[in-house]
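Below: one structure, written as structure tokens.
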Amino acid sequence: MKKTISGLLAVSLLASAPWSSALAQAPNPNYVTPIEEKDGSKFNTENYDFAKFSEIGVKLQEIAKSSKRIKVEVTGESADGFPLYVVTIADTKSQSKFGENKALREQMIKNPEKAQEWIKKNKDFKVPIMINGSIHGTEFIGSDAVLQLIERFAKDNDNETKKILDNNILIFNVVANPDGRVDATRFNGEGIDLNRDFITQSQPETRQMVDLITEWNPMVFLDTHGYVKNYAPNKQGLIEPCTPPHNPNYEYDLYNKWAYGQAEAMESSIMKNKAQFKGDLYKNMTGTYVPQRDDEAGWDDYPPIFTPMYAMYHGAYGHTLEAPTNDEDGVKWMYDAIMGALNYSTTNKQEMLNDQIEIFKRGINFDHPYHEEGFFPEAYVLPVDEKDPTVTEKAVNHLINNDIDVVLATKDFTADGVKYAKGSYIVNLNQAKAGLANTMLWDGEDITDDTPSMYDISAWSLPELWGFKANPVKTKFSVSTAKVKEVDGQGSVTGKGPFVIPNSSVQAVELVNTLIQQGVNVRRDNKGNFYVSGSAKAISSAVKASGLQIESGVTPVDAKKLTKLKVALLEDGGMNKQQTHAGMNLALERLGFEVTELTPVEVAKSGLKGYDAFIYNGTENLISTKLSAANLEFGFQNADQFTAFKKNVDSFVKDGGKFIAAGAGASRAAKTLGLTNATVQIGDPNSNGIVNVDYDGTGVTAGYGQDDIGFVYRPTWYGGVEENEILATYDESDFFLAGHWKGNEKATSQPVIIRENDADVTLIGLEPAFRDHTDYLFRLISNALYTN
Ligand SMILES: [Zn+2]
């Protein structure tokens with residue numbers, strides 16, 4: 001849910017301000033005067049007087065007034081409407097050559113050989129270095145170090161400063177997550193961890209960072225975080241590169257050739273100034289923890305959901321930097337680390353840039369010496385479902401926004417023996433960013449045996465989890481094509497009605513909910529399809545916006561009329577630094593439901609009267625009575641509140657209310673609340689991946705079939721299901737398709753979605769609404785809401 005902040009003005013975007021005016025339009029300091037900002041976070045053991053978000057725009061404005069090197073822009077707004085500040089610093093000479101620099105960035109991905117020749121001859125080129133400030137709101141030191149660096153590079157004239165500016169253009173994303181800084185939380189205003197959002201890009205902050213990265217193709221990308229200390233004796237802070245497994249879609253050899261040396265340069269830079277730190281923790285340090293050097297597993301760069309890992313697919317030497325503490329020493333550690341990277345890239349820019357360009361060259365020439373023959377397919381073909389092209393169109397626009405070339409077949413063609421219609425989309429992999437294209441479109445792999453554990457998700461196939469077809473083609477084929485810039489699919493209505501809306505996508509359900517809210521009569525059959533009576537005229541504008549092609553059909557007799565539902569969702573304010581319900585909230589919004597978030601205490605105090613459905617998707621600790629001090633504000637303060645909560649949920653379900661539990665924590669909570677007699681089995685905590693599921697195909701699982709896709713995180717299955725209807729099971733053999741899950745064979749053929757026979761209680765052992773990864777499974781939620 002969006003918070004409204006009074007007095008927050010609309011942000012005016014600065015459309016390519018002329019470089020000569022240091023600050024074409026000042027960030028308005030009045031943006032933030034009426035807001036209340038937190039002084040620190042309960043999640044940090046230390047807190048200090050960090051720069052408040054409201055002070056930052058003012059400060060940038062002041063610096064800009066006294067320097068010709070700096071450009072300050074507002075490039076967008078956060079989920080809660082705060083300005084996103086981007087500061088570019090370059091010496092005044094290079095500003096006049098700015099066009100030349102942009103041309104070089106273009107050339108790198110269009111004609112890499114020429115770009116390599118050019119940099120050999122023109123040694124005074126500048127490389128863009130991007131520094132991201134505090135993407136996690138509570139990790140305040142990042143933006144503070146960034147502000148100090150901005151001040152230095154805008155004003156100072158010492159030799160080190162001048163040499164760095166002679167060779168680099170510095171781009172600072174000053175506060176990557178304003179909402180999180182203001183509220184002292186890790187997340188943005190939608191509860192999303194932005195440093196997990198880089199494959200899905202569901203949030204405005206993430207999309208702004210993607211735009212910056214694709215615009216500049218930075219050579220180095222530094223992401224500022226905290227707080228890591230004592231990972232090894234007297235090694236303070238953390239500097240990547242990472243431990244294995246490394247994602248096979250990287251050109252990892254070229255990355256690591258420089259990233260490792262750059263990490264050690266950052267470490268040396270911190271150690272050189274060791275005497276200036278105040279705390280003993282720093283005075284006694286012997287170095288920083290470099291995962292790749294100091295460990296074998298546990299801090300991997302496998303999923304491209306993290307900012308630096310995403311930037312690596314654009315050829316950047318990407319590093320996460322974790323300062324040890326949240327105080328002035330932590331700011332200094334970060335400042336010194338970044339200075340180390342800047343000096344290193346200054347010394348090595350020629351060869352580092354040459355190798356960055358080499359990545360694009362390998363892509364374009366389809367020449368991958370680091371990979372086994374046949375690792376990359378020739379291309380992916382994305383055939384289009386004519387009635388509901390919405391998911392494929394979303395994917396195509398997503399790929400294009402990520403700097404991936406997509407073409408459209410202008411004639412029918414055959415590839416790998418399969419016939420495709422004209423109008424199919426093609427992603428050829430002989431392109432500069434082939435690695436990114438492949439990591440987004442491949443199925444992934446089962447890496448269970450490769451490593452003891454993973455840091456975060458281990459599989460994310462967009463075709464499988466968003467629900468569009470992308471067929472890899474192994475052999476060369478030819479077809480005439482046209483380049484696609486953007487797809488803007490419009491829906492249409494044909495016939496006289498009643499009209500059929502297939503249960504085929506998030507967009508289709510959103511259309512249904514829009515029509516219900518407009519008072520249109522909509523029915524739903526047991527197969528999950530929707531039937532609309534009323535004139536074509538009455539529904540045409542909503543259909544046009546939806547992108548679906550709607551036709552007439554016959555309404556089955558069993559189709560039941562749908563009414564507008566009032567849905568309550570249990571809110572996780574940030575337990576253990578997560579907001580576990582945020583993905584479900586996002587899914588419900590995208591499906592077009594009106595949702596009210598209720599905290600555990602609110603449910604305990606006021607009950608669920610007036611709601612049709614109550615959804616629990618999150619940790620079982622939301623109803624625990626034994627919470628740590630940091631978690632207490634998000635859960636129960638005493639045992640009586642649990643008793644009241646249980647009583648209220650009980651009477652809600654007895655009165656015919658609908659209860660939906662999604663995922664492991666919620667399933668356990670359902671058991672604790674006495675809503676099921678089934679036993680809840682859970683795999684290893686960090687296990688996750690894409691699974692093969694046999695869905696029943698009606699009611700709750702309508703629109704899904706046998707051998708269909710599911711996604712698990714903390715995988716769950718159910719036993720003792722005598723009193724339940726089994727709606728889906730894990731497949732009978734080798735059901736684990738991709739990801740990391742030790743002991744997954746125990747879940748073979750086991751129930752994964754069940755319903756109570758005597759109450760409207762549905763338990764889903766999958767994660768149907770995991771961040772924005774599982775669009776394809778969102779309809780399990782709308783199905784569950786619409787099935788009685
Ligand atoms: Zn962090």
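For the reader, a short list of remarks on this structure follows.
- Residue 741 fulfils the conditions (1) at pLDDT 95 or above; (2) farther than 28 Å from residue 758 by Cβ; (3) more than 24 Å from the chain's Cα centre (by Cα) except for a single criterion, (3).
- Within segment 710-727, considering residues that are crowded, with 24+ Cβ neighbours inside 10 Å and in contact with a Phe, Trp or Tyr (Cβ under 9 Å, 6 or more places away or on another chain), the one nearest to residue 693 (Cα to Cα): 710
- The sole residue among 129, 135 that is under 18 Å from residue 771 (Cα atoms) and of a type in the set (A, V, I, L, M) is 135.
- Picking from residues in segment 188-207 that are among the hydroxyl-bearing types (Ser, Thr, Tyr) and within 14 Å of residue 78 (Cα to Cα), the one that is farthest from the ligand (Cβ to nearest atom) is 202.
- In segment 213-250, the residues that are in a loop (DSSP other than H, G, I, E, B), more than 14 Å from the ligand (Cβ to nearest atom) and in contact with a Gly (Cβ under 7 Å, 6 or more places away or on another chain): 217, 249, 250
- Candidate set: segment 521-575, residues that are free of Cβ contacts under 8 Å to residues at least 60 places away in the same chain, assigned to a loop (DSSP other than H, G, I, E, B) and of a type in the set (A, V, I, L, M); chosen: the one surrounded by the most Cβ atoms within 10 Å (Cβ to Cβ): 559
- Residue 273 being within 30 Å of residue 577 (Cα to Cα), more than 16 Å from the ligand (Cβ to nearest atom) and surrounded by fewer than 21 Cβ atoms within 10 Å (Cβ to Cβ): no
- Helices (runs of 4 or more DSSP H) lying entirely in segment 83-176 (those with 3 or more residues that are within 16 Å of the ligand (Cβ to nearest atom) and not small (Gly, Ala, Ser)): 141-155
- Cβ pairs under 7 Å, 6+ apart, first in segment 454-473 and closer than 22 Å to residue 243 by Cα, second acidic (Asp, Glu) and at pLDDT 95 or above: 454/300; 455/300
- Residues that are among the charged types (D, E, K, R) and within 16 Å of residue 587 (Cα to Cα) were ranked within segment 176-203; the one that is surrounded by the most Cβ atoms within 10 Å (Cβ to Cβ) is 197.
- Only one of 421, 432, 437 that is under 21 Å from residue 391 (Cβ atoms) and either touching a helix residue (DSSP H, G or I) at 6+ places or on another chain (Cβ under 8 Å) or assigned by TED's automatic domain parsing to the domain that holds residue 356 (or both): 437
- Residue identified as surrounded by 20 or more Cβ atoms within 10 Å (Cβ to Cβ) and at positive phi among 656, 703, 635, 699: 703
- When residue 210 is tested against (1) within 16 Å of the ligand (Cβ to nearest atom); (2) surrounded by fewer than 23 Cβ atoms within 10 Å (Cβ to Cβ); (3) among the aliphatic types (A, V, I, L, M), just one condition goes unmet, and that condition is (1).
- Of all the listed residues (77, 106, 100, 117), the sole one being more than 30 Å from residue 577 (Cβ to Cβ) and modelled with pLDDT of 95 or more is 117.
For every residue, the table says whether it meets (1) part of a loop (DSSP other than H, G, I, E, B); (2) outside the structural domain of residue 774 (by TED's automatic domain parsing); (3) crowded, with 23+ Cβ neighbours inside 10 Å.
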site: 455; (1), (2), (3): yes, yes, no
site: 460; (1), (2), (3): yes, yes, yes
site: 469; (1), (2), (3): yes, yes, no
site: 514; (1), (2), (3): no, yes, no
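- Any hit, segment 365-375, residues being buried (at least 20 other Cβ atoms within 10 Å of the Cβ) and either modelled with pLDDT under 95 or not in a helix (DSSP H, G or I) (or both): no
The values are calculated or read from the model by the stated rules, or taken from the named source; none is laboratory data. Computed from a prediction, not measured in an experiment: that's the story for all the values here. Positions of Cβ are backbone-derived with ideal geometry, glycine not excepted, and every protein chain shown enters the neighbour counts.
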